[in-house]
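A.B. asks: Mind looking over this structure? Questions follow.
Values quoted throughout were computed directly from the atomic coordinates according to the rules given, and no laboratory measurement underlies them. In this text the structure is predicted, and so the values were computed from the model without any measurement. Here the Cβ positions follow ideal geometry from the backbone for every residue, glycine too, while neighbour counts run over all protein chains shown.
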Amino acid sequence: MKRDIVERLLAARETSRPVALVTDLNTGLQTLVYEDAVHGGFGLEDDLLAEVRERLRQDRSGLITDADGDDDEDGLRLFVQTHNPPLRLLVVGAVHIAQALAPLAALTGYAVTVIDPRGAFATESRFPGVSLHDGWPDEALAALTIDSRTAVVTLTHDPKLDDPALLVALRSPAFYVGSLGSRRTHAKRLERLKEQGVTDAELARIHAPVGLAIGAVTPAEIALSVMAQITAVRRKADAA
């Protein structure tokens, strides 16, 4: 592996930038494929580039061969190795739903941080083993540096906490932004955010009422619906 490739891989890790290392097994040449750029020893046709980026998004390393499945040494043989920062779920509001959501998200591979400036809510006893942040949500989200592998969910029902957090999340690369509340509550939320300069395109990013419509009632069921929707959005499933 060339020094330039190694240095760029290390830089991507330092900056939490997703990148795939593509190796042509027939020639040994290597190319780095980012979400928005390409660098390396050989080019990729548009269809192959799209496939590599989809593999990067799905965390799916592996071999790409000719469409007919021919993997002999004379055909196309590209090995894709994905290098992604960890998936993260940033939860605003240390409420009952968050208590159920945090362990469920951890089971599905997310590093979870619960944000709540209210000391009585965000405690180790209520969230054992979960990273807690007691800052104001907008400041906390800015400090945590949201990237394209981050999902953000607001659960407080308090506009003083949820709205500032949404302002940061909607203008970030977060792949998912969800907010708890009824349709009526969400309509009022949209009005408030619009008054603060949020565009229609940004508002459309909010999944609200949060979670898939599975008839969830209890905190655990709502947490399940939220995690299902986050998964559907990440995997680009129709249910999202």
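A.B. asks: For segment 159-236, what value does the Rg/Rh ratio take when both radii are computed over Cα atoms and Rh is the Kirkwood radius, given to two decimals?
C.D. replies: Ratio of gyration radius to Kirkwood radius for segment 159-236: 0.97.
A.B. asks: As an exercise, identify the trypsin sites (Lys or Arg not before Pro) in segment 197-240 lying in DSSP coil whose Cβ has no more than 15 other Cβ atoms within 10 Å.
C.D. replies: Those satisfying the criteria are LYS236.
A.B. asks: Using helices alone, I'd like the mean residue ellipticity at 222 nm for the chain: each DSSP H run of four-plus residues gives -39500 (n - 2.57), total over residue count, nearest 500.
C.D. replies: Helix contribution divided over all residues of the chain: -11500 deg cm²/dmol.
A.B. asks: Something else now. Averaging over all projection directions, find the projected area of the Cα convex hull of segment 3-83 and quote it in nm² with one decimal place.
C.D. replies: 5.1
A.B. asks: Taking Cα pairs under 8 Å and at least six residues apart, what relative contact order does segment 140-240 come out at, in percent?
C.D. replies: 24
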